[in-house]
1. Could you grab me the full set of residues in segment 128-168 that are touching a strand residue (DSSP E or B) at 6+ places or on another chain (Cβ under 6 Å) and hydroxyl-bearing (Ser, Thr, Tyr)?
2. Given segment 9-62, what helices (runs of 4 or more DSSP H) lie entirely inside it while holding 2 or more residues that are modelled with pLDDT under 85?
3. Which residue pairs have Cβ atoms under 7 Å apart, sit 6 or more places apart or on different chains, and have a first residue in segment 121-136 that is farther than 19 Å from residue 82 by Cβ and a second that is not in a strand (DSSP E or B)?
4. Looking at residue 79, is it at pLDDT below 90 and in the same structural domain as residue 178 (by TED's automatic domain parsing)?
Amino acid sequence: MIRKNERHERLREEIERNPFVTDEELASSLGASIPTIRLDRTSLAIPDMRQRTREMAGRYFGVSRSLGAHEIVGETIEIEPGKSGLSLLDTDAGMCLEKCDIVRGHVLFALLNSLAAAVAEAPIALTGQAHVDFLRTVRAGERLIAKARVEKKTGRRVFVEAVARSGANIVARGRFVVHGLNRETAAHLKLLKDGE
C-alpha cells in the first residue's frame, strides 16, 4: 500500500500521461479502490475522464466541414480538416451481438468510416471505397480511441487511413477513399435534401 502523497503524485502523472484513463484503470494501477481514486481526484481538483475529454475537445476541437458532430460515431476529440482526427467510443452491451458480448463489426466500421469522412476537407464527403481489417474482437465495456489521418488528396478523392485501439492494441484498421464534393456538384447530382 502506498502513502497518500505518493498516490496523489502518481495519480497526477498517470492522468497527465493519458487523459483518457478511467477511475477503474487508475484504481487498478495504483492499488486503491475506485472510491479512493474519486476522493483523491476531487481533493486535487482533477475532473473525471468525461470532463477531461470535453475540456480537451474545447481546446483542440476543429470543425468538420463534411459531417456534424452528431453524425460522427463516438465522441469527437479533435478534428483538423484535411489532416487528422481523433474520437473516443465507450462500447456497451447495446453494440454487441445478441448471444455474446462481442461488439458488432459494423460499429467498428462506422467509427472508422465516420471519422475518415469527417477529416476530408469538403462540404459533402461520400465514401467511395473502404477496406477494413478487424484485428481482434472487442467486448462490451472497452474504450476505443480512433485516429484518422489523411494520406493524400488527388482531385476530389481523399485517401484516409483510420485505426481504432483499445489500450495499446489495434483492434481495427481501415483505408478509405472519400469523395469530397462542393455543394454545387452535390446539388447537380441531386444528392442534397430539399431546401439544402
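1. 137, 166
2. Ranges flagged: 49-60.
3. Listed pairs, sorted by first residue: 130/113; 132/109; 132/112; 134/105; 134/108.
4. Numbers: at pLDDT below 90: yes; in the same structural domain as residue 178 (by TED's automatic domain parsing): yes.
Considered against the rule, which asks whether it is at pLDDT below 90 and in the same structural domain as residue 178 (by TED's automatic domain parsing), residue 79 comes out as yes.
The values are calculated or read from the model by the stated rules, or taken from the named source; none is laboratory data. Worth saying up front: this structure is predicted, and the values here are computed from it rather than measured. Don't worry about glycine lacking a Cβ; one is built from the backbone with ideal geometry, like all the others, and counts go over all protein chains shown.
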